[in-house]
Every structure is written in structure tokens, then in C-alpha cells.
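Data block below; observations after.
The values are calculated or read from the model by the stated rules, or taken from the named source; none is laboratory data. Small disclaimer: the values here were computed from a predicted structure and weren't measured. Here the Cβ positions follow ideal geometry from the backbone for every residue, glycine too, while neighbour counts run over all protein chains shown.
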Amino acid sequence: MTRAFLAILRRDLALSLGSGGGAGLGVVFFLCVITVVPFAVGPDLALLARIGPAILWIGALLASLIGLERLFTADVEDGSLDNLTLSALPLELVAAAKGLAHWLATGLPLVIAAPVLALMLNLEPAAIAAVVATLLVGTPAVTFLGLIGAAFAGAFRRGGLLIAVLVIPLAIPVLIFAVSATTSAVTGPVPFGTPFRVLLGLALFSLVLGPVAAAAALRAARG
Amino acid sequence: MAILDLANPTRFLNYSGRLLPWIAVASVLVLAIGFWLAFQAPADYQQGETVKIMYIHVPFAWLAMFAYTLMAASSLGILVWRHPLADVAHKAAAPIGATFAALCLVTGALWGRPMWGTYWVWDARLTSMLVLLLLYLGVMALRAAIDDPSRSGRAAAVLTLVGVINIPIVKFSVDWWNTLHQPASVFRMGGSTIDGSLLWPLLTCALGFSLLFATLHLIAMRTEILRRRVEVLEARAAAEAMG
């Protein structure tokens, strides 16, 4: 069972890293969002430092969502999902393996790119550390919640807007606690650990909910 | 008559057709009494006459949540027993619940303007009702995106159940985030904090709107059952015409 899980993980990683643009494109999109914001709100560095963590998080959220569309689509089209359904691995763990591979290929690069982008938004070191920590914990949560939308989109061949509409309401708690953890790291009054621990809890929760609901959605599509 | 007999769509059409006029008349009567009581009720000592908005705003909020609970129960019926009537109930409840949620937000905004001085604040209760509306719209969008009715029903059921798990978390997180709206005042430990002269008209209106919801839901369910039958007949006629 572990071997099957690792095999799917390796296969999906190879596919998304090898196809070109997988990891890189998400980071470029992230960079685009961060670049657009100062044009919209003005180049005031004090203002950017204040709203910077929120902008980084919105950018990361959107970048995590846009990549999800192809997560199941290709497997449904070429029939490999049928193969995976027949394997010894439960569909839930198949979904979890694919989600983990997707996060390693697209979510982790966002976390690594975040400190550089944070410098462009004039964040102080404490805020940068807090943003990176919350992204490291929060982007897996977004990816695994996004698995649900990706399963619907893949199984029913419907596009990216539907994923965003379905997943964004579910991701609101993650956003709330991630951003409040970063602001409390800089200004208080609650210690950083309080919202951060709730964020950890949310991440663990979505690690379970995402694959289970995604598998249910794939089965629903099968009829 | 056992309650399970109603699970047969033909029997359901039969009984609901007989029941419907009574519920419709009852909802009109109770709403008329409720509105009359509401206009007789004294004005609030702080809010003046604007408190009258409460008599429609609060029932809308309750029914928006009730309709989602009904959809969640129907989702279990769809996924566990694969029951066609549960699917019909789920589909019929979504637009009605979404309308109640939207009306709750609109009446709340109209109430907020004179009381809080603004149509909208990013407060916990307002925000969680907005998220509920988004969930409704997501479920409806998912249904609209899938042609095959049985598959779309099961997909929408999965999404509804995910939403049910998520609503308490959203509620808890936005409470943590920001709160201005008053806390629950009718159903709470230690009794209601609303005076009886305002509470009774409110409960009457809530009953009237619940009956209205039942009426609309039954009509929508009957329409949906008949629409599906027409579709089957059309498909059969088309197949026969093809030879």
C-alpha cells in the first residue's frame, strides 16, 4: 500500500515537474499578483508593509487554485483514473497522493518564493518569517481543500471558475487564521502561537476532509 | 399511511397535491396575523420603528439555515439510499434557501443603515451569512454544470455535506475575526432577552414564513418531478420517432 502511494506520488511529481511550466508558472503568477498590487494601491511603502502579508496570502491562494484544474482532468481523459480506481489503494489515498504531489510541485515553490516577494512589499524580518511559516502550513490546507473542487472539475469536465467558486468559501478560515497569525507576530496583541495553532488544526483537518470528499466526488461522477 | 409510503413519487404527488392548498392558505393567514401583530407591537426604546425589519429579517435568517439543514439531510438520502425524492427535495430547496439568505442580507443592510450608520460591515454574522449564500450558489452552479441529473444530484450532495462540516468552522473563525452584530437573543441559555410584546409577533412571523417555505418547497418539488417525467416522455417519443 505504501509502495502504491509512493508510486503515484512519484508519477504525479514527474508529470507536473517534467511537463514544463508546472512549478515555475505558479510562481510567475504569484509574482504577477504581487506586482499588480502596488500599481492599484500606490507605491507607499508604509501602506504596503501593513497590507503585505494579506497580499502575499491572496496571491498564494489564487496561485494554488489556478493550478488545480488539471489535477484530475488528464487522468480522467486517458483512463488512468480507472486504473487507479482498480488498484489496491483506496481512492481516498489515491487522491491524497495526488494532492501531496501537487503541493510539492506547486505549493512548496510558492513558500520558497514568498520571502523574496515579501522584500518587495517592504515587510520586516519578523513579518517575513511569520508569512513563510503560515504559508508552509496553510498552502497544504488550501491544496487539499482544493482537491474537492479539482475532483468535481476533472470528473465532470468543467473548468477553473467552478473550482474557485466551490473552494474559496471553504478556504476562508485558513485565510483568516493565517493572516491574523502574521499580524499578531508583528503588532500583537495575541501571541503568534494562538492563531497559528488553530491554523495547524485547520491544516490537519483539511488533510483528512479533502481526500475523503474528493474520492466521494469521483465516485459520484462514476455513477 | 406509513411515512415511507411518501417516498414513492406518485404517492408523494398525490398527498402533497391534497396538502398544498391547506399549507398555502395557512401560510397566508399566519403571515397576515404576524404582520398585524408586528405593526401593533411597541417600538423599541432605542431603535424606534426600524425594529419592524426584525420581523422579516430574523425569519429569513432562520429559514436560510433551515433550508441548508434540509439539503444536508436530503444529501444523506441521496448518497446513502440513492433516493430520487431526496434528490428532488435537495434540488428544490437550493434556490429557495439562496433567496432567503439573499433577502436576509438585503433586509439586514436596510436595517443596518439607520442603526449602525452603514449598509454593510464585515462583521462575523453578516460574513457567515454571506458565506452561506456563496455555498448555496456553489451548489446551484455545480448542479447547473452537470447535465446528467442523477450524477449532478450526487455531486451536489457531496458538496452540501462538505459545506455542512465547514459551516461551524467558518462561523467560529469569523467570530474570532470580528464581531459587531448582537449575539443570539431568542434561543439562548437562560431564556430569551427579547420582551414578550416583541417576541410573540416575531415567532408568529417565523411560523408564517416557515409555512411559506413549505408551500414553495412542495410546489418546486412537484414541478421538478413533473419536469423529469416530461423529459422521460420526450426522450421516449424521440426514440420512437427515430424508429
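If you go through region B:149-180 and pick out every residue that is modelled with pLDDT under 80, more than 26 Å from residue A:178 (Cβ to Cβ) and either more than 7 Å from chain A (Cβ to nearest Cβ) or not in a helix (DSSP H, G or I) (or both), you end up with 1. Sort out which residues of region B:138-148 are at pLDDT 85 or above and within 7 Å of chain A (Cβ to nearest Cβ), and write them in order of number. Result: B:138, B:141, B:142. Being more than 8 Å from chain B (Cβ to nearest Cβ) and either without any contact (Cβ under 8 Å) to a residue 60 or more places away in the chain or surrounded by fewer than 18 Cβ atoms within 10 Å (Cβ to Cβ) (or both) holds for only one residue in A:178, A:216, A:171, A:185, and it is A:185. The residues of region A:188-213 that are out of contact with any Asp or Glu (no Cβ under 7 Å at 6 or more places or on another chain), more than 9 Å from chain B (Cβ to nearest Cβ), of a type outside the set (Gly, Ala, Ser) and in contact (Cβ under 8 Å) with a residue 40 or more places away in the chain, listed by number, are A:192, A:196, A:199, A:200, A:207. When A:49, A:113 are screened for being surrounded by 17 or more Cβ atoms within 10 Å (Cβ to Cβ), assigned to a helix (DSSP H, G or I) and not aromatic (Phe, Trp, Tyr), only A:113 passes. Could you tell me whether region A:169-181 includes any residue that is in a helix (DSSP H, G or I), under 25 Å from residue A:50 (Cβ atoms) and over 20 Å from the mean Cα position of the chain (by Cα)? No: region A:169-181 contains no residue that is in a helix (DSSP H, G or I), under 25 Å from residue A:50 (Cβ atoms) and over 20 Å from the mean Cα position of the chain (by Cα). Can you name every residue in region A:16-46 that is in a helix (DSSP H, G or I) and over 19 Å from the mean Cα position of the chain (by Cα)? If the condition is that a residue be in a helix (DSSP H, G or I) and over 19 Å from the mean Cα position of the chain (by Cα), then A:18, A:35, A:36, A:37, A:38, A:39, A:40, A:41, A:45, A:46 are the ones that fit.
Looking at residue B:102, is it in contact with a helix residue (DSSP H, G or I) (Cβ under 7 Å, 6 or more places away or on another chain) and surrounded by fewer than 18 Cβ atoms within 10 Å (Cβ to Cβ)?
yes
Sort out which residues of region A:139-168 are of a type in the set (Phe, Trp, Tyr) and more than 7 Å from chain B (Cβ to nearest Cβ), and write them in order of number.
Restricting attention to region A:139-168, the residues satisfying the condition of being of a type in the set (Phe, Trp, Tyr) are A:144, A:152, A:156.
Of everything in region A:139-168, just one residue is of a type in the set (Phe, Trp, Tyr) and more than 7 Å from chain B (Cβ to nearest Cβ), namely A:144.
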